[in-house]
Amino acid sequence: MEKVLLVEHEKCTACRICELVCSAKHAGSFNPAKARITVATFLEDNFFFPLTCQHCEEPLCQDVCPTGAISRHPETAAVVIDDAKCIGCRMCQAACPFGAIAYSPSEDKVVKCDLCGGEPECVLFCPWDAIKYVQADDAALRRRKAVGEKLKKALQEVKL
């Protein structure tokens, strides 16, 4: 069965360790600007939320990619980018409703969460257990699909 990242925002303290380990794994340096996860911080409300790719059931980023560089990994079900096919046009970045795709100027490519091949570093190193990699149950998949449909409709309305 498919696994998904589950964020329990009430446990997040905005320590940003997830950003550091992500950037270390993917960019080879401890640089949150190069992470594929970002902690949204709302200090006035004491609310923190790690944001990353939702690996949508019907990814809009994949639909708009002119080179077919975005696909679903057969083993992890992660929506991944083939660096060899990516031309850095950023169409996927514009289409992502979650803002989960970033542009890497040094690589002239877009980057996003790939679930670390099925062992997400952010999960392994979160000291507060705020990020988990869990089996997706049918209810969660239905909720994700419903949210995806709403976002798709909203984006289509904006295009009109």
Problem set entry | Enumeration of residues in the stretch 115-158 that are at pLDDT 95 or above, in contact with a Lys or Arg (Cβ under 8 Å, 6 or more places away or on another chain), surrounded by fewer than 17 Cβ atoms within 10 Å (Cβ to Cβ) and among the hydrophobic types (A, V, I, L, M, F, W, C) | TRP128
Exercise. What about THR52, is it of a type in the set (Ser, Thr, Tyr) and under 25 Å from ILE131 (Cα atoms)?
Worked result: yes
For this session: Six or more apart or on different chains, Cβ under 9 Å: which pairs go from a residue in the stretch 2-14 that's surrounded by 14 or more Cβ atoms within 10 Å (Cβ to Cβ) and acidic (Asp, Glu) to one that's modelled with pLDDT under 85 and assigned to a strand (DSSP E or B)? Could you list them?
Result: none
For this session: Could you check, for the stretch 66-76, whether at least one of its residues is surrounded by 14 or more Cβ atoms within 10 Å (Cβ to Cβ) and β-branched (Val, Ile, Thr)?
Result: yes
For this session: State all residues of the stretch 56-101 that are closer than 18 Å to GLY117 by Cα and without any contact (Cβ under 8 Å) to a residue 24 or more places away in the chain; if no residue qualifies, say none.
Result: ALA69, ILE70, SER71, ARG72, PRO74, ASP82, ALA84
Exercise. What about PHE98, is it surrounded by fewer than 16 Cβ atoms within 10 Å (Cβ to Cβ), of a type in the set (A, V, I, L, M, F, W, C), under 13 Å from the mean Cα position of the chain (by Cα) and closer than 25 Å to VAL4 by Cα?
Worked result: yes
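Residue-wise test of (1) in contact with a Gly (Cβ under 8 Å, 6 or more places away or on another chain); (2) of a type outside the set (S, T, N, Q); (3) under 27 Å from GLU75 (Cα atoms).
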| residue | (1), (2), (3) |
| --- | --- |
| LYS3 | yes, yes, yes |
| HIS9 | no, yes, no |
| THR13 | no, no, no |
| ILE17 | no, yes, yes |
| LEU20 | no, yes, yes |
| SER23 | no, no, yes |
| ALA27 | no, yes, yes |
| LYS34 | no, yes, yes |
| THR41 | no, no, no |
Seminar exercise, completed: Residue set CYS18, CYS61, CYS22; condition under 17 Å from the mean Cα position of the chain (by Cα) and within 25 Å of LEU155 (Cβ to Cβ); output residue CYS61
Exercise. Does CYS86 count as within 18 Å of ALA33 (Cα to Cα), at pLDDT 95 or above and either of a type in the set (A, V, I, L, M) or in contact with a Ser or Thr (Cβ under 8 Å, 6 or more places away or on another chain) (or both)?
Worked result: no
Exercise. Which of the residues that make up the stretch 97-109 are farther than 25 Å from LYS150 by Cα and either part of a loop (DSSP other than H, G, I, E, B) or of a type in the set (A, V, I, L, M, F, W, C) (or both)?
Worked result: PRO105, SER106, GLU107, ASP108
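The values are calculated or read from the model by the stated rules, or taken from the named source; none is laboratory data. Keep in mind it's a predicted model, so treat the numbers as computed, not measured. Positions of Cβ are backbone-derived with ideal geometry, glycine not excepted, and every protein chain shown enters the neighbour counts.
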